[in-house]
Amino acid sequence: MFRGKVVVVGAGAVGSTTAYTLMLGGLFSEIVIIDLNHAKAEGDALDIAHGVSFVKPVSVYAGDYSDCKDADIIIITAGVAQKEGETRLALLKRNIAVIKNIVESIMAHAPDDVILLTVTNPVDILTYATYKISGLKKNRVLGSGTVLDTSRLKYMISKRTGIDARNCHTYIIGEHGDSEVAAWSVTNIGGMSMNEFCRYTNKCSLSDLDEMYNSVKNAAYEIIEKKGATYYAIATAVARICECIAGDENSILTVSSIFDGQYGISDVALCVPTKVGGDGVENILEVPFSKEELKGLLSSAQTLKALIAETEL
C-alpha cells in the first residue's frame, strides 16, 4: 500500500473536505494543508488529526510551500469562490492570477517528479495554466475534470433505472462546465446500450436522457443556490483520482489532461476517458464516440482555446 505524502493547497470547503477524505482513505502517511490563512489551515489540520486514532497512522499538519519538497501529489483547490449564478468560465480571469502565484510557489520547492492535480474552477483552463506555468511534463499535470460530472450522471441513471450506480457505465466528456457532453453512444448497463436497456425494462425512455444530462450540467448551480458551495462529492472524486495514482491502478477516469493530437485536438486540457496510473496520465483514449458527441468535444476545445488565447498563457 502506497503511504506517501500529499499536499493540499487551499483550506476552503473543498480543500479541507479533501484532506479529511484522504485521511479516511489511509493512502498517505503525511497530509499537509497550505493556505494564506495559516490559522484556518492549522484549525483544519488539528480537527482532522484528532480523528487519527480511528484510521491508519497519518501525520496531518498545516505547512507552507517548503513542505512541497518531498511531496508525491500536490492538490490545488485554492481560488476565488464561485458566486451564485456565475458560470465556471466566468471565474477564469479572477483565478488565473491566483493559480500562477500558487504554481510558482510550489515549483520553487517541489521535486521534478511531483504530480500536480488541479481542482480549482474553471478546472480545464486552470489545468492547462498549471501545466504551462509549472514546466512539468504533460502526464504529470491533470485536473479533476469531469470525474464528478460522470459520477453525477451515473447517479442519475441509477435513480432512473434502479441499477447500482457502480454498474451504470457512462462518461461526461469535453469541458467541466456548460459545454460538457454526455457520451450516450458508449453508455451501457449490463452490456446493453441505454436505448436497449430502456426498451428491455420500460424503466426509462429516450426523453429521460436529456433530462438527466441537464440535471448533471446544472447540478453545481443547484447546490450552490441551496447551500453556497459543493465540496463533499468533489472531495470523494479527488480522493479517487489520488487512489488511482498512488496505487498505480491504470484505471479509466475522465480527468482533465493536456491533449497532444488526440481527436485532432492539441494544446488544451479536456476530459475524455483516460488511463490514470502511477505517473499520472498514462494514456488519453480515443473512444469511437458518435459524430454529434465528437462535434461537442471539438466545440468544447474551441471554446476553451479561445479563452486561453485571451489569457496569453
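No value in this document is a laboratory result; all are computed from the given coordinates. Quick caveat: nothing in here was measured; it's all calculated off a predicted structure. Quick reminder, even Gly has a Cβ in these numbers, built from the backbone with ideal geometry, and neighbours come from all protein chains shown.
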**OP:** Could you give me the radius of gyration and the Dmax of the stretch 85-205, taking only the C-alpha atoms into account and expressing both in angstrom?
**Re:** 18.4, 58
**OP:** Just report the Cα centroid separation between the stretch 53-120 and the stretch 230-253, whole Å.
**Re:** 15
**OP:** Count charges around Ala19 for me, please; just the other residues with Cβ under 14 Å from its Cβ, Lys/Arg as +1, Asp/Glu as -1.
**Re:** -4
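Name the shape class, rounded, prolate or oblate, that the alpha-carbon gyration tensor gives for the stretch 147-311, where a ≥ b ≥ c are the square roots of its eigenvalues, rounded holds for a/c under 1.5, and otherwise prolate holds if a/b is larger than b/c and oblate otherwise. Can you show the working numbers first?
Values: a/c = 1.34, a/b = 1.32, b/c = 1.01.
It is rounded, given that a/c, with a ≥ b ≥ c, falls under 1.5.
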Original post:
Within the stretch 65-223, what percent of beta bridges assigned by DSSP are antiparallel, to the nearest 5?
Top reply: 45
Original post:
Can you give the angle from 0 to 90° between the axis of helix 38-49 and the longest principal axis of the chain, with both taken from C-alpha atoms, to the nearest 10?
Top reply: 70
Subject >> Farthest toward positive dipole pole in the chain [+1 Lys/Arg, -1 Asp/Glu at C-beta], among Ile163, Thr146, Cys271 >> reply: Ile163
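Hey, what did the chain get for relative contact order, percent, Cα under 8 Å, at least 6 apart? Mind showing how you got there, number by number?
Numbers: 622 pairs, mean separation 55.2, N = 313.
Result for the chain is 18 percent.
Under the classification rounded if a/c is under 1.5, otherwise prolate if a/b is larger than b/c and oblate if not, where does the stretch 4-143 fall, given a ≥ b ≥ c as square roots of the Cα gyration tensor eigenvalues? Don't jump to the answer; show the numbers that get you there.
Working: a/c = 1.92, a/b = 1.34, b/c = 1.43.
Oblate.
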Original post:
Which value at 222 nm does the chain reach when only helices count, each DSSP H run of 4 or more adding -39,500 (n - 2.57), with the total divided by all residues and rounded to the nearest 500 deg cm²/dmol?
Top reply: -13500 deg cm²/dmol
Original post:
Past the 18 Å Cα-Cα mark, which pairs from Lys93/Lys138; Lys159/Lys226; Lys93/Lys226; Lys132/Lys305; Lys69/Lys138?
Top reply: Lys93/Lys138; Lys159/Lys226; Lys93/Lys226; Lys69/Lys138
